[in-house]
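Novice: First, the structure itself, so that you have it in front of you.
Bear in mind these aren't lab numbers, they're just calculated from the coordinates by the rules spelled out. Everything quoted here is computed from the prediction, not taken from an experiment. Cβ coordinates were reconstructed from backbone atoms using ideal geometry, including for glycine residues, and neighbour counts include every protein chain displayed.
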Amino acid sequence: MSEQTDAVNAVLRERGVLPPAVAVAEQPDGKKAEENFPRIMLPGKNRTVNNFFREVGAVLCTNGVFLRDQVPVVLNKKRMRIEEMSSKALRSYVDNHAILYRRVTADDGEAKECRMSMKKEDASDMLASYDFLDQQRQIRRVNSVPLPVLRANGLLELLKPGYDYDSQILTMPTAMSYDVMPVEEAVQWIVNRFKDFMFDGKDPKTGLSPSLAVHVAAMLTPFCFGLLPHRAIMPMFIYTGNKPGTGKSLLCKSSLYAVFGEAAALPFGKDEEELRKQLEMTALANTPYLFFDNVKRKIASSLIDAWQTQPSWKGRYMGGQKEFVVEKQNVIYISSNHAEVDKDSNRRALFVELFLEDADINERSFDQVLDDDFLSRDSVRREMLSVLWSLVVHWDKSGRPAGPRSLASFEQWARVIGGIVSCAVFGDPLQPRVITAGGDTETKDMRDLVSTLAQDLIEEREAAIEEGKEPPREADFKFERVIEICQDKDLFIARLDGKEVDGAFVLTRSSRIQIGKLLQRESGQVWQIEGLGRVRFGRKGSKNWRSFAVELI
């Protein structure tokens, strides 16, 4: 915590805005000594619940209980995350931080103090009491290692262990410290560490590639959450390979181990309801990442699309119907072979593409062994964190240049993370490129279709010029010609369903409607076709499959 923050907190405590700091002695093993626990009388005769709730709240507000949108949450130290505090858990939690007692009259008539736990109904009422809630600190995130933060006055610094009132971030005690190295050394460290991964488009001399630039951005994103506005949103990172064994999952994990010390994966199932519940828990705990490993289906989900573009999330409390709305900062990581996405996911994603030429992956040799055990070692994490911090320091000393390109809906991220990556001469992570092993295949197929139709138009123009006629700028095509092109070039193969009839391929009615609607959605779009310029695709006729046209602009 900064000295400025400490001073402000001290003033707020003097004025009664913040509760006083409670110093509790600890035993050598780190557990609090019970003889130093504060003593709190349970509610009863001449003892109202509001006084009881207020006194308990004053103790717990300095002992790991926080708020997320008026929802009491508690720190799970093993998982380094915050979880909703239930009334059942509250009873034992309070007993571990205070001595609750009730005065009872003994057989000899003397009043004595008898230690007891609070009643279940008292625990439930306490979690809804403003006397208790108003004393708890709001928390946005838990950091397991020191991470950088950008103060309101423009100062860039690493958060110290403890709770930071300005950022509402809790940094856990750690022995992790970072070295600052020259940017050239940091860049070379990254190139050497990941040299065995076959990044698509890798320069054999420098080891740099567009995919490596995206990977560096993926590592920097969770490290630099504190440099972004609270409501800034992040694109998702998709690690895709042309075959199993490219190392996409391991490379993806390397983005997580440095900052979080773990890389816990989740299944990307078809059940949107289960996904909704997972997102609600993630939002309430403000879990910083979601990792979907080895996805085997098309990456398309309306929930993920909404999650990607919303700075806050609305859900329901655990086991109830009451709703909550919380801000979130979360980045999604996905690994998949030939990762196929829809248009919505494509514009929200950055791809790290790995392309392995060897037919037999077992014949490959590696200069270094990277696995989960290696990446989770404190010494390795310290090196990686030092490299990331060095890139940030270099960007800061260079005047904090913005990224060369922006990304719709993710402008703040593009400005900061794109700026750090580009400043370190890795290249622009937002550089447009065609993904061979995956991506939005329907858009690529549509581009190929428009390009082929435009070539037909060019041939018509050339023929008209030879005949001395006015060359047309537009050409019409029947639905059958479009399907013929799709068959010849293997376009939209998942939608081409039919059979041979009298030597000709005939689509089923369902397939005709699907293709017709797809082309209808693309009607009026202008494509930049290499070698041809701007070409508009359009549909003619009232039916989905009547006729289509391309026009040179």
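Novice: Using a ≥ b ≥ c from the Cα gyration tensor of region 204-312 (square roots of the eigenvalues), is it rounded, prolate or oblate, where a/c under 1.5 gives rounded and otherwise the larger of a/b and b/c decides, a/b for prolate?
Specialist: Values: a/c = 1.87, a/b = 1.26, b/c = 1.49.
Oblate shape, in that a/c is at least 1.5 and b/c is the bigger or equal ratio.
Novice: Right, next: Go through 426, 217, 267 and say which Cα lies farthest out towards the positive end of the charge dipole of the chain; charges sit on Cβ, +1 for Lys and Arg, -1 for Asp and Glu.
Specialist: The listed residue farthest towards the positive side: 267.
Novice: Rounding to the nearest 20 debye, state how big the charge dipole of the chain is about its Cα centre with +1 on each Lys and Arg Cβ and -1 on each Asp and Glu Cβ.
Specialist: Working: 76 positive and 80 negative charges, 351 e Å.
Dipole size: approximately 1680 debye.
Novice: Further question: Work out the FRET efficiency for residue 112 and residue 174 from their Cβ-Cβ distance, taking R0 = 51 Å, and round it to the nearest 0.05.
Specialist: On the way: r = 45 Å, r/R0 = 0.88.
Step by step, r from the Cβ atoms, then E = 0.70.
Novice: So if we plug the beta-carbon distance of residue 39 and residue 281 into 1/(1 + (r/R0)^6) with R0 = 35 Å, what FRET efficiency do we get, rounded to 0.05?
Specialist: The calculated FRET efficiency here is 0.45.
Novice: How far is helix 509-522 tilted, in degrees, relative to the longest principal axis of the Cα atoms in the chain, given as a value from 0 to 90 rounded to the nearest 10?
Specialist: 80
Novice: If you don't mind, there's one more thing I want to ask. Can you give the three extents of the C-alpha atoms in region 36-99 along their principal axes, from longest to shortest, in whole Å?
Specialist: 41, 28, 19
Novice: Once both axes come from the Cα atoms, what is the angle between helix 210-223 and the longest principal axis of the chain, in degrees from 0 to 90, rounded to 10?
Specialist: Helix 210-223 sits roughly 20 degrees off the main axis of the chain.
Novice: Let me ask you something else. Count the lysine pairs in region 16-139 whose Cα atoms sit under 22 Å apart, keeping only pairs 8 or more residues apart in sequence or on different chains.
Specialist: 13
Novice: Using the Cα atoms as the points, what is the convex hull volume per residue of the chain in Å³?
Specialist: Dividing the Cα hull volume of the chain by its residue count gives 229 Å³.
Novice: Right, next: How high is the FRET efficiency from residue 525 to residue 297, r the C-beta distance, R0 35 Å, rounded to 0.05?
Specialist: Step by step, r from the Cβ atoms, then E = 0.85.
Novice: Where does helix 411-423 land angle-wise versus the long Cα axis of the chain, in degrees 0 to 90, nearest 10?
Specialist: Once rounded, one gets 80 degrees.
Novice: From the square roots a ≥ b ≥ c of the eigenvalues of the alpha-carbon gyration tensor of region 440-552, which class results: rounded (a/c under 1.5), prolate (a/b over b/c), or oblate?
Specialist: In terms of gyration-tensor shape, prolate.
Novice: Express in nm, to one decimal, how much length is gained between residue 476 and residue 83 on full extension, taking 0.36 nm for each residue of separation and deducting their alpha carbon distance.
Specialist: 135.4 nm
Novice: How about residue 195: which lysines have a C-alpha closer than 25 Å to its C-alpha, ignoring those fewer than 8 places off in the same chain?
Specialist: Counting by Cα, and skipping residues close in sequence, residue 195 has these lysines nearby: 205, 243, 248, 253.
Novice: Then there's this: Neighbouring Cβ atoms within 10 Å as the yardstick, rank 435, 99 fewest first.
Specialist: Listing 435, 99 from fewest to most nearby Cβ atoms yields 99, 435.
Novice: Here's another thing I want to ask about it. Just want the ordering: 397, 205, 248, from fewest to most Cβ atoms lying within 10 Å of their own Cβ.
Specialist: 205, 397, 248
Novice: What's the exposure ranking of 342, 108, 445, going from fewest to most Cβ atoms within 10 Å?
Specialist: Final ranking by Cβ density, sparse to dense: 108, 342, 445.
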